[in-house]
Amino acid sequence: MGESVAVKIFSSRDEQSWFRETEIYNTVQLRHDNILGFIASDMTSHNSTTQLWLITHFHQLGSLYDFLQYSSVDPEGCLRMCLSVACGLVHLHTEILSCQGKPAIAHRDLKSRNILVKMNGQCCIADLGERRIRLEERRGLKERELKETGLKKRGLKEIGLEERRLKESRLGESRLEESRLEERGLEKRGLKVGGLEGERAI
C-alpha cells in the first residue's frame, strides 16, 4: 500500500507563489521534524488548464485551527504542541553556515491555520509562501558596505582633507566667538577695545 500525500494545487495565476514555496522547500537542510516535509513539485494540465502541484507529507488531523474546533487538549499536550512549534521556528530562524548551509528564514504568516497536527501530538509548520530570507538582505547590505568602503579608499586623501578643513573652520569660529565674548566683558568693565584683526588695545 502506498504512502498518503497532500497535494496543494495552484492555478497558473499563482505561479509566483508556487515557485517561491517550491524554492524554499528545496533549500538545503530545511528538513526538520517540525517543518512540513516536502516531497516534490510538478506542473500538469487538467481539462486544458495548467495546474501547479506542491506535494508534501499528509497529516490527517489537519491544521491546528481545525483540530481545536473538535478536540480538547490537556496542559501536557498543549505544552508539547507549543514546544514543537517553537522548535520549528528556531530551525527556520537559524542560519547554518557551511558549504551546504541554510539561510535564516522568517515565516511572516504563522497562524493556527498554517500549523499541522501530527499523530504523535506534535505540530509542524506549513505554508512558507510568504517567507523572507534574511541572507538575501544581508548580501545586499554587504555589497553596499563594500561599495562604500571602495569609495572611501579611492577618495581617502580628499575625505581627510575635507574633514581637516571642517575642523579648522570650526576651530576658527570657536576662537572668534571667544574673542567676541572677551571684548564684551571688557566693554562692560568700561575698557576700550580696538585694534586690527582681533588685536585688543586696553
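The table for this structure:
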{"read-out": "Neighbourhood net charge (14 Å Cβ-Cβ; Lys/Arg +1, Asp/Glu -1) for Ile55", "value": "-2"}
{"read-out": "Table column - 3J(HN,Hα) (Hz), segment 48-57, Karplus curve with 6.51, -1.76, 1.60, x for Gly and Pro", "value": "6, 10, 6, 10, 10, 9, 10, 9, 9, 4"}
{"read-out": "Distribution of pairwise C-alpha distances over segment 5-138, 5 Å bins, in %", "value": "2, 10, 19, 21, 18, 14, 9, 5, 2, 0, 0"}
{"read-out": "Using θ = phi - 60° and Karplus 6.51 cos²θ - 1.76 cosθ + 1.60, couplings along segment 68-75 (whole Hz; Gly, Pro as x)", "value": "6, 6, 10, 9, 9, 10, 6, x"}
{"read-out": "Ascending count of other beta-carbon atoms within 10 Å, so fewest first, for Leu52, Leu89, Leu79", "value": "Leu79, Leu89, Leu52"}
{"read-out": "C-alpha center-to-center spacing [segment 4-57, segment 74-105] in angstrom", "value": "21"}
{"read-out": "Residue order, fewest to most surrounding Cβ atoms within 10 angstrom, among Tyr70, Tyr25, Tyr65", "value": "Tyr70, Tyr65, Tyr25"}
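Since every read-out is calculated from the coordinates, none of them should be taken as a lab result. Fair warning: this is a prediction, and the values are worked out from it, not measured in the lab. Positions of Cβ are generated from backbone atoms using ideal geometry, with glycine treated the same way; all protein chains shown enter the neighbour counts.
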